[in-house]
Structures are given as structure tokens and as C-alpha cells.
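Undergrad: Structure provided below as C-alpha cells; questions to follow.
The values are calculated or read from the model by the stated rules, or taken from the named source; none is laboratory data. Just so you know, these numbers come straight off a predicted model, no measurement behind them. Using ideal geometry, Cβ is built from the backbone for each residue, glycine included, and neighbour counts are taken over all protein chains shown. Ligands, DNA and RNA are excluded from the accessible area calculation, which covers all protein heavy atoms including side chains. Shrake-Rupley method; radii C 1.70, N 1.55, O 1.52, S 1.80 Å.
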Amino acid sequence: MTLAIAVGFLAAVGTWLVVRGGAVRLILGFILLGHAANLIIISAGGAFRREAPLVDGELLAENAADPLPQAFVLTAIVITFGVTVYLLSLVARTAKQSSKAEDESIGRIEGQAEEEGRSS
Amino acid sequence: MLVASLALVGLTTFFVPLLVRYLGRFTGYPLAVVFLASAALLLVDSPEVMSGETIVQSWQWVAAFDVQFTLRLNGLALLFAMLVLGVGALVLSYAPQYLDPSYEVGRLYTVLNLFAAAMLGIVLSGDLILLLVFWEVTTLCSFLLVAGNGTAGAWAATRALVITGIGGLSLFGAVVLLAVKTQTTDIATVFAVAPERLTTTDLAIIGPLIVLAAFTKSAQLPFHFWLPGAMVAITPVSAYLHAATLVKAGIYLLLLFSPLFLDMPAWNLTLMTFGLATAVFGAFQALRQRDLKSLLAYSTVSQLGTMVALVGVGTSAALAAAALLVAAHALFKATLFMLVGIVDREAGSRDLAELSGLWRAMPITAALTGLAAMSMAGLPPLVGFVAKEEAFYSFLDTPQASWTAGQEWTGIVAAAIAVLGAALTFAYSARIFGGVFFGPLTQRKLYEPSWLFLAPAFVPAVAGLVLGVAPGLLNGIIDRTTVDVGFAMVQSDLSLWHGFSTALILSIIAITLGSILHFRRRWVMRWLGEEPPTPIAPLIFDRIWYGTLRFGAKVGRSAHTTSVGVHLFGVGVLLLGLAIIGFVVIPGAGGGLPAMIPGSAQPVDIAILALLVPAVVFLARTRSAIAALVLAGFVGLIIAVWLLLLGAPDVALTLLLVEFLTVVVAAPVLSRLPVHRDIGRSTTAAISAIVVGVVSGLAVWAFTGRREASDLSEYFLAEAEELTGGTNVVNTILVDFRGLDTLGEVTVLFAAALGLLAATAVTIRARQDAVTEVLGAGERAVLRVGARVVIPLLFIAALVLFWRGHDEPGGGFIAGLVAGAAVAVASIAGISLRIPSAFALLASGLAIALASAFIGPLVGGAALEPIKVDVPVVGSLTSSLIFDLGVLLIVVGLVRAALERLDGLGMDDEDASEDGSGDDAPSATNQATGVAS
């Protein structure tokens, strides 16, 4: 029940951020949706057993959480990091290109102004 | 000798380019010799085949699917193989004389030879998969040979490829169904087990698929149009592929599979209806053509129709007649194509309106054409006459086939249509001969071509005569073929003269009618129309083709946008639909939801939610990117704590590290960007947010926490230590149980890092500048002192976590992230580390992970299988540790790449290179402090 509320809430805010648009919101929304997805996978294993799945000696398997969703989520988190980093590189690249284009157009206007000043 | 025969032709393909270099267009001659040698190798086996044996050679091919490379030689295969190799040898010795010296022959001969090998492969295949592969190769060769004739050929070739390609897919479907239902792909076994394993329903699905494959390949209505279109190819190609062999592959297929369908009236009725319709339609069209090649193409369509109809009759005599017609047709049609090519070369035209009286200049050419045309027209004493007589007999005897239930009218109707087709055939045959060679000679300076040019046409023309006079020569092979298509041994009695039989009377009617059609041509043409008709079938094809493309464009147009909402909309609707179905169906099926297992929600969860909700709300509302980033990190921290409480320490540790690294990596990029306000519509955003939130929340509530731990979970918990030697079950799943999965995932990380490296330029100084902007000199000094203590500790922690990962929380991912954290700290503090470059880390990581996969196979295990080695002092080691090392290196490489390249904006690349300091220069500058090497 608590997991369901958390998933619904994270998914809702994540969707809102993504649909609202803009590079930064896209990344933030992506992060929240990632959390929601990871919690869904964890909840698929059940939240009624909460011992770490370390089978050391006397630990009884009855109390251990399902290890398979954990393995999935672990790699998913790292992959999310990889994708986030890649998205950031694209954001940085487009931002840099647009700022460069801006600089150039400003430079051109200044050049024109200078020429006009000289001719007058 | 079976495999030697096929290998000889097949392997020659590789040497064709070499031959062409020295022999140019004369390469055809050695290739003809190769074909004859291959035929001789098959003939070595022929006495055994004729005495009733089937020769089989078989090798293991695809063990996983139990598919054998099986070659099989029986009478049916021998007949077709002789046609493929014999006509092939003739056409290849014709081509050198036909081709312009300037023609690009390398490609032509290579593809022709490959085609011959594939065609031979089809008829010798004893395995369904093998048959399918060769079938598709012939389709491709046909495409290449038609398209090879320049732009005019491209579209015709495409049409032919699409039509025959549909047939290929259809055959694929039939093969898969047969293989699944009979549990074998061996053709002989399929027939053996068919009665018990194939139900009538199976056959009702497989039958149409085979018929579609055969009809497209053998140009039956309504797919016939690709064959006249393919006439843009050069004449040797038309003679070989589109008259004698390729188009017969469909007939071969029908003959091969007819034993399965002999008891199904639908099969017989379909083949007879379409076959006879095609026979008459093709003959009418042939009569209306002026271009000799088009005429011959429609004639081929018509003859193929007759063959299909004969297979459809389904009696042993009819199948024998079909086989005989295949042979007779190959002989006279290849001859006619070659002679038309000669006329085209010598007189410069193949238009019936322009050619006339050539017999005066080219009497030998005229005589050979006459022989072949007589055979086609069904005149005695040629083999075409014998084949036609047999066909008439068979059609008349249709009521003897069990499927007709003795209905007398079936024989009468079939024979009447066949007579009409024969009459039309006589008329256009007469027109070819009369039109080209009779009448006044209008052209000057025409000569008989050289004997080298004529010889390849001479051989089959005369063979048609010899076999016509002594058809008994064919008795043996035809009888054997009948046995192969599912009948008891019969004694054929092929003969030129059977006395005054009904068939002879039908022949006389057909010839008389044909003569009237020919000599009263004006009446006929007034009725049919003087000009050759514009074929409509290709236009219909084009309409469907472009309609499909337009439909695709229309479907695709909706995705031509960068708006995220549009892309997510379809996915969202789909998921919503699935969720609704789930809510309705699943509780209904089981009588409501199972009860939630107690303990799924605990008081501590409420506390977590109480922290999470405000953090997320603030995150969504803030206008500052840095604040949003810090809040995102805080949200991640809360979730990590929760994961720890839920019994997932590995995941919690990973998330914690990733949150830290994300903040460090993203801060310089995001700090310079505004949070864009109000790009999407807020109502859309709100509605989708609420829908997604409610649906996903409800789905989690309804579908999870309501069953006990899965069997898989129990299995991993119970067996992990025994099977892998590791006690941290999550880690053993990552590196041992699901190693291939993890290998794929680290490859994704590798690719993401490569993309990052490619998308960004080297700008090293900016991060340190960004840090300097925030921190004063004093603070920075403190940071650096602290970092020098922290960094070595982090590296040691990484080593420990890596080493114990198999048993305790840790492992390659986590250790890699901790080491990455050390790199990040160094980066903030402006300390340069002596560690390999990002690319070196990534590449060595992937190489190590991949190499570790092969340790298993080297010692006789499976790929990625953990191999345990007992080392004194250290204890037992497994090969999965090496795999995990690869994972570690890739993660560190990714972090390092991100830190190096994502360091803010507005820095010019030149500044960085001038400065020369930074992570890429290991021992550079006063900042450098070597920590790990």
C-alpha cells in the first residue's frame, strides 16, 4: 500500500515534469520516473520479507527479500545513470551550440553597428 | 557424386571473377564445361536411380534445430537437374557470341553461375530448410540479373522481387508449419510421418502456402505479370531463368508436395482452375504481342499454366505428362529465346512488324526456329506433340481421379479448355515462324550467323526432334518420376503414334482451329484489338505498392515531432488500456483480488512517505536548477534508505552512489541552465500526470504483495551458495546466474559513455573554474587537504567492496561507483589522478568482461559459466570475479568520462588546450597529486 502510494506519486510528478517540457525538467522527470519504476520492480518481489538476501549460515531464507528484482533494479539504476549522463551531454552540447550561435549573431550586429558608425 | 556435382557448380562461383579477368565474355565456355561435368557426375548415379533407388547424402548442419544438410537424388530430381545443367551449358555457350564486347560480364557470369548452383540445390535438397535457402537464392539471383540491365530493369526487377518474395515468405511459412507439425525437416521423413501427424486442418493451411509460393514463382494468374516484365533482361538470362529453369521451380514444388494433397479436392480444383485460366489467358496475350520476347514470355506463362493444371488433375498419367511437358518446354522455349536473340543481333529488331522474309538470308536459323516452333505448336514428329497428346489424355481422364467422384463433365471441360489453349498456341507459333521468315526480304546485307552462335540452339532443336521420333527414350525417367510423386510403378508407353485415339482427334481439332486463327488473323485481331494491350496487372501492383508507401508515410507522420507528449501519448494509452483490461479480467477470473500479505506495509514506510512527498513537491515547484538538483539528490537519498529497510542493501548502496555522482556530474551543466517554464500546456501535463499516477499506483496496489515469494526467488536463495560459491545472492545473480544479461547491460553503459565522448569536446578547465567560482581560496585549500585523505580511503573501500562482493553487499557495480566517487572528489578538489584515461578504462573493462565469458568454454563449460579454482591462502576463487572486474572498469570509465566532459558551458576549447592542465596529463602541473597508479 505504501509502495503503491509512493509509485503513483513519483510517476505523477515525473510525468508532469516530462510533459511540461524543457531540458532540465526532462532530466528531473526522468530521474523521478526511474525511481517509480525501480520501486515497482522491488514491490513485485513483495515487501513482506525485509531481510537482506545474504545466505550466510543461520539466516533463514523465509525472511530474505526476493533477490531477483534487486538484481534488476541494481543494474537499472546504473543504466539510468548512464542514460542521464548521456542526456546531460546532449543538453550541454545543444546549449553550447545555441549560445555560440547567439554570440555570433551578436558579433555580427556589433560589426554592422561599427561599420555604420564609420560610414556616418 | 551428388555433393560433388553441387559443390563443383557452387564453388566455381568464386572463380568466375578470375576467369572473367582473362577470358572476358568467353568465360561462358569454361562454365558450360563445368555444368556438363557436373551433369556427368550426376549421371554416374543415374543407373541406380533408374533402378528405383534414391541416393541420399547427409551431414549435420544446424544441430540446435536438428537440421541436416541432406541431398537427395531421385527421378524427379534427376530430370530437373539435367534440365538445369543441360540448358545451362547451352545458354552459357550461347552468351559469349550474343554479348557485346563492351558488356560488363563479370557480374552477369557470377550471378548466372550462382543461380545455376542454387537451382540445382533446390532440386537436390532433401531437407526443407535447405530447399528454402536455395529457393530464396534463386529469387535474389533473378532480381540481380533483371536489375543488372540498367535503370529500365530496376523497376521490373523490383516488381518481380516483391511478387516472388511474397512466395518465398509463403514457402517459409509452409516449411515452418511442416517442421513443427511433423517434428522433422527431412523431406522423406515428412512424407513418411505425414499420414499420422498432419491433420486435414494442418494441410488446409499448409496447402495454400505452398500453392502461393508455386504460383508466384511460376507466374500464374494473378501474379503472372512479373514474367513479361522480366524480359528487360538480356536474352541469355530470359532463356535460362525465365523460360527453362527458374519458373519451373514452382512446378517442381507442386510435383514434390503433391503426394500430401492428393486426397484434397480443393488442391486439385485450385490448381486446375488457375492453371487452365492461365494457360488460355497467356496464349491470348501471346497472340496479341508484336515484340518477340514478350510473345515468348506470355507463351511461357501459358505453358506453365498447362503444367500446373496437369499437376492439379492428380492422376499418375497427368503428373507424368506434366514432367514430360517440363522437359519438352525447356527444350523448345530455350531454343526459341536463343534464336530470337540471334535474329535481334543480326537483323537489329525483334518487332514482328519490322521483320520479314529472313529465311532467304538465314535459312539455317529459319529451319531451327521452325523445328522449335513446331514443337511448341504441338506438331508431329516433335517432342512437343508427344507431350501435348499426353496432356490431352490426362485431361480427358480427369474423371478417373478420385477427387472428381467420377464426374464425366470434368474431363470434357478440362480437355476443351486445353484444346482452346493448344489452338492459340498453334496460332502464335505459326505467327513467329511465318512473321519472321516468310514474306518479302526487306533488309539488305543479312547473313547467317557463325556456327558457334547457332550451335547452342541447334542442339536442343534437334533433341526435340529426336525425342519426338523416339519418345520411348524418356519412358524410364518419366516412370521413375511418377513413383517419386507418390504413385505405384507404371509402364509408360510414350509414342508418336497411338492409333486414332480421342487425343489425336483433339490434336487435329486444335491444329485446325489454330490454322484458322492464324490464316484469318485479321478477323481475330479486329476482335482482339490491333495494338498490343497495355497490361493492367502491373498498374494494379503499382497502385497497391504506392498506396502502401503512402499509408506508411501517413502512419509515420505523427511521430515526426520533438514533442515528448506526442511520443508518450500512444504508450500511455496502450498502458492504460492494458491496465483497464487487467483490472477487469484478473479479479474477475479469480473471484476478486487475493488478500494482501500482512507486513507489506509497515509503520516505518509512513515516515519515509512523509519525507518523500514534500521533497518531490518542492522539486517540481522550484525555479532554480541547482535547488532542483539538490532536491533530486535528497529524494534519491530517501529512496535509498527505504531500499535498505526493504532488505536491499546492494541496491541502496548503488542508488546512494549514483545520486552523489549524478549531482557532481550534473551540477556544472544544470547550474548554467534556467528551468524552462511553461513549454507544454499545463492542463495536458496535469491530466497526464494524474492519469499516470493513479493508474500506476493502482496497478502496484492491485498486482503486487499478494502472493508468496516466487519459485525463482526460493531457487536462488536455496542454490546460490552451492552453485556459485557466493553468499550475496544479488551479486551471484548479476555475475553468475544472469551473466549474459549483465554483459549486455555493461555494454549499454559502454555505448552511453562512447556517445558522451563523441558528443562533447574536451573542456577540462571549466569544472575547476566552476568550483573556484563557488569556493574561496581558503575553502578550496581545506577541500584539497580533506580530499587527499578521502580519496585513498575511497579507493581502498572500492577494493574491499569489490573483493567481498560475491559474499557481502558490494561487487563490481558498487565498487566501480565508489572508485568513481573518488575520481569525482579529486575532480572537485582539482587534484589530478594517475589513472588510465576514460577510454582505456572502458575498453579494457569490456574486453575483460567479454574475455571472461570464454573461460568457461575453454575448460569445457558454457560461456560465462563460473569456474571455481582453489587457491592456497586466498581460498576459492571463481572466474566471475574477473567478469566483475570488467564491470568495475566500465563503471569507473563512465564516471570519469562524464566528469571530464560535462563541465559546464561557455568555456572555449582553446582555453583548455592552452592551459594544458587537467586529468588527461597524468603528471602535469603543481596540482597533480598521484594517488592510485
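Undergrad: Mind counting the residues in region B:223-239 that are touching a Leu at 6+ places or on another chain (Cβ under 7 Å) and not in a loop (DSSP other than H, G, I, E, B)?
TA: 1
Undergrad: What number of residues within region B:357-369 are touching a residue at least 24 places away in the same chain (Cβ under 8 Å), surrounded by fewer than 19 Cβ atoms within 10 Å (Cβ to Cβ) and of a type in the set (Gly, Ala, Ser)?
TA: Residues in region B:357-369 being touching a residue at least 24 places away in the same chain (Cβ under 8 Å), surrounded by fewer than 19 Cβ atoms within 10 Å (Cβ to Cβ) and of a type in the set (Gly, Ala, Ser): 2 in total.
Undergrad: Give me the residue from region B:779-806 that is under 46 Å from the mean Cα position of the chain (by Cα) and within 13 Å of chain A (Cβ to nearest Cβ) and, out of that set, most open to solvent (accessible area, probe 1.4 Å).
TA: B:His806
Undergrad: Give the residues of region B:722-757 that are open to solvent by 40 Å² or more (accessible area, probe 1.4 Å) and part of a helix (DSSP H, G or I), sorted by residue number.
TA: Once the filter is applied, which keeps residues that are open to solvent by 40 Å² or more (accessible area, probe 1.4 Å) and part of a helix (DSSP H, G or I), region B:722-757 yields B:Glu722, B:Leu723, B:Phe737, B:Leu740, B:Asp741, B:Thr747, B:Val748, B:Ala751, B:Leu754.
Undergrad: Which one of B:Ala405, B:Ala391, B:Ala418, B:Ala427 is under 22 Å from B:Ala330 (Cα atoms) and either open to solvent by 10 Å² or more (accessible area, probe 1.4 Å) or at pLDDT 95 or above (or both)?
TA: B:Ala418
Undergrad: I've got another one for you. Go through region A:12-31 residue by residue and tally those that are more than 7 Å from chain B (Cβ to nearest Cβ) and within 30 Å of B:Arg707 (Cβ to Cβ).
TA: 1
Undergrad: Collect the residues in region B:34-64 that are among the β-branched types (Val, Ile, Thr) and open to solvent by 40 Å² or more (accessible area, probe 1.4 Å), keeping them in residue-number order.
TA: B:Val44, B:Thr54, B:Val56, B:Val62
Undergrad: Could you go through region B:846-860 and let me know if any residue there is open to solvent by 10 Å² or more (accessible area, probe 1.4 Å), outside any helix (DSSP H, G or I), in contact with a Pro (Cβ under 7 Å, 6 or more places away or on another chain) and more than 30 Å from B:Glu779 (Cα to Cα).
TA: Checking region B:846-860: not a single residue is open to solvent by 10 Å² or more (accessible area, probe 1.4 Å), outside any helix (DSSP H, G or I), in contact with a Pro (Cβ under 7 Å, 6 or more places away or on another chain) and more than 30 Å from B:Glu779 (Cα to Cα).
Undergrad: At negative phi, at pLDDT 95 or above and open to solvent by less than 20 Å² (accessible area, probe 1.4 Å): does that describe B:Ala89?
TA: yes
Undergrad: So how many residues does region B:866-888 have that are without any contact (Cβ under 8 Å) to a residue 12 or more places away in the chain and out of contact with any strand residue (DSSP E or B) (no Cβ under 8 Å at 6 or more places or on another chain)?
TA: 4
Undergrad: From the list B:Ala317, B:Ala330, B:Ala309, which residue is open to solvent by 10 Å² or more (accessible area, probe 1.4 Å) and closer than 27 Å to B:Gly472 by Cβ?
TA: Exactly one of B:Ala317, B:Ala330, B:Ala309 is open to solvent by 10 Å² or more (accessible area, probe 1.4 Å) and closer than 27 Å to B:Gly472 by Cβ, namely B:Ala317.
Undergrad: Test B:Ile796 against the criterion of being at pLDDT 90 or above and not in a loop (DSSP other than H, G, I, E, B), and give yes or no.
TA: Judged against the criteria, B:Ile796 is a match.
Undergrad: May I ask you to say which residue of B:Leu574, B:Leu619 is of a type in the set (A, V, I, L, M, F, W, C), touching a helix residue (DSSP H, G or I) at 6+ places or on another chain (Cβ under 8 Å) and either surrounded by 14 or more Cβ atoms within 10 Å (Cβ to Cβ) or at pLDDT 75 or above (or both)?
TA: Answer to the selection: B:Leu619.
Undergrad: Further question on the same structure: Would you point out which residue out of B:Leu85, B:Leu71 is closer than 21 Å to B:Ala330 by Cα and outside any loop (DSSP other than H, G, I, E, B)?
TA: Among B:Leu85, B:Leu71, only B:Leu85 is closer than 21 Å to B:Ala330 by Cα and outside any loop (DSSP other than H, G, I, E, B).
Undergrad: Kindly indicate whether B:Val694 is in a helix (DSSP H, G or I), within 8 Å of chain A (Cβ to nearest Cβ) and open to solvent by less than 40 Å² (accessible area, probe 1.4 Å).
TA: Considered against the rule, which asks whether it is in a helix (DSSP H, G or I), within 8 Å of chain A (Cβ to nearest Cβ) and open to solvent by less than 40 Å² (accessible area, probe 1.4 Å), B:Val694 comes out as no.
Undergrad: Can you tell me which residue is farthest from A:Ala76 (Cα to Cα) among those in region B:640-654 that are surrounded by fewer than 24 Cβ atoms within 10 Å (Cβ to Cβ) and within 7 Å of chain A (Cβ to nearest Cβ)?
TA: Of everything passing the filter in region B:640-654, B:Leu645 is farthest from A:Ala76 (Cα to Cα).
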